[in-house]
Every structure is written in structure tokens, then in C-alpha cells.
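The structure appears right after this line, and notes come after that.
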Amino acid sequence: MDRDLAARLARYSELAYERPEAVRAALPNAEVTFLDRDHTQAYVIETAAETAAETAAETATETVVAFRGTQVFADPSLADMLSNLPGGTLGFLVVVNLIVFVLGFFIDFFEIAFIIVPLIVAPAQILGIDLTWLGIVLAVNMQTSFLTPPFGFSLFYLRGVTPKEIPTTRIYKGVVPFIIIQVVVLIGLIAWVL
């Protein structure tokens, strides 16, 4: 759908359900089947059901992988290795945050939460890190990584709603101050955890 049609549809949105024939007359070449209440409701229900099924399947798969992964990889030697990094607690937090930050470029929250986080819980407990604060640090870290190229998920969402006249490089440059702010907050949170 081109932008002119989208703009015209937005103008007629109030009429869409009350007087669909007026919108059909104003947009004779447009496909306006969505104006039918029953069709729209069926489409929304179908889309919601598909999204829920995909999310449930993804979550179930990641849960199985995560729990199997923690049984395989989260043995005492991994916990010992991560808890004995140079720098103690600070070294552990820096390494974990760097790993999560880089992974946030390529994979989404579910994979990180279900696969990586269970692997770092035992070392964090050994080091005496409050798991609530660790969760907050990781959440801020992931939000920061979702704003960074090359695969910043938030940037792609923003690209989808901005006009075509705004280049992607301008979006990348526009998020730099927000990334700096989030990195400063992340450093403050790590200092607070220590």
C-alpha cells in the first residue's frame, strides 16, 4: 500500500465503520474489504491466534533447549570458570555484559533469557550478586544492544514507521545519544551492584 493511500485511509478512518460506502466512493480503486466489521474481526482473531501459536512454540522450544543446555553446560566447571574470572565480581559483570551485548545484536530477548541467563545464575550466586539487580542490569544491557546496528531490532521497527525520505543512516545517527545515555546508566547499575 502506497503512502498516499495510507494517508487517505487514515483521514477516512472515522467513517470506515459508520459509513463504509462513503469510503468506498472516495477510494474507488482501493481494496476496502477491511471495512467490513466481521471480516476485520475475523482477521484480527486469526492474526492473534497465529502470533500466539508462534510465540508458544518458540517459548516451548527455547525452554527445552535452555533447561537441557543448563543440564549439559552449567556444570560446576563453568560456574567455577565464570566465578574465578580476573577482577572478581566486576570481571564477571563486565564479561557477562559484553557477551549479552554482542548477542543482543543478533538474537532477541527470548533466546538470551532462556539460554544465556540460566548459565550465569550459578556463578552470580557464587559471587554473591543479587539476582534481581543482575536481571535489571541485563535488561538495560539488552535494550541498549537492541538499539545498535547492525541488527538493532528497535531500529528496524522505527524504520518501518518513518517516511521513506528519512534515510536509515539518519536513524542510526539519531539513536547515538540514547545509546550513550543507556551505557552511562548501565555503568551506574554495575557500580550499584558492586
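Okay, here's what the table says:
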| read-out | value |
| --- | --- |
| Qualifying helices (runs of 4 or more DSSP H) (wholly inside the range 84-157; at least 2 residues being within 28 Å of T169 (Cα to Cα) and without any contact (Cβ under 8 Å) to a residue 40 or more places away in the chain) | 88-106, 131-145 |
| Filter pass, V64 being in a helix (DSSP H, G or I), of a type outside the set (S, T, Y) and either at pLDDT 90 or above or surrounded by 14 or more Cβ atoms within 10 Å (Cβ to Cβ) (or both) | no |
| Residue count, the range 148-164 (criterion: over 13 Å from I107 (Cα atoms) and not basic (K, R)) | 8 |
| S154 being touching a helix residue (DSSP H, G or I) at 6+ places or on another chain (Cβ under 7 Å) and either over 30 Å from G88 (Cβ atoms) or crowded, with 17+ Cβ neighbours inside 10 Å (or both) | no |
| Scope the range 158-184; condition in a loop (DSSP other than H, G, I, E, B) and free of Cβ contacts under 8 Å to residues at least 40 places away in the same chain; matching residues | T162, E165, I166, P167, V175 |
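The values are calculated or read from the model by the stated rules, or taken from the named source; none is laboratory data. Because the structure is predicted, anything quoted here is derived from the model rather than measured. We place every Cβ from the backbone using ideal geometry, glycine too, and count neighbours over all the protein chains shown.
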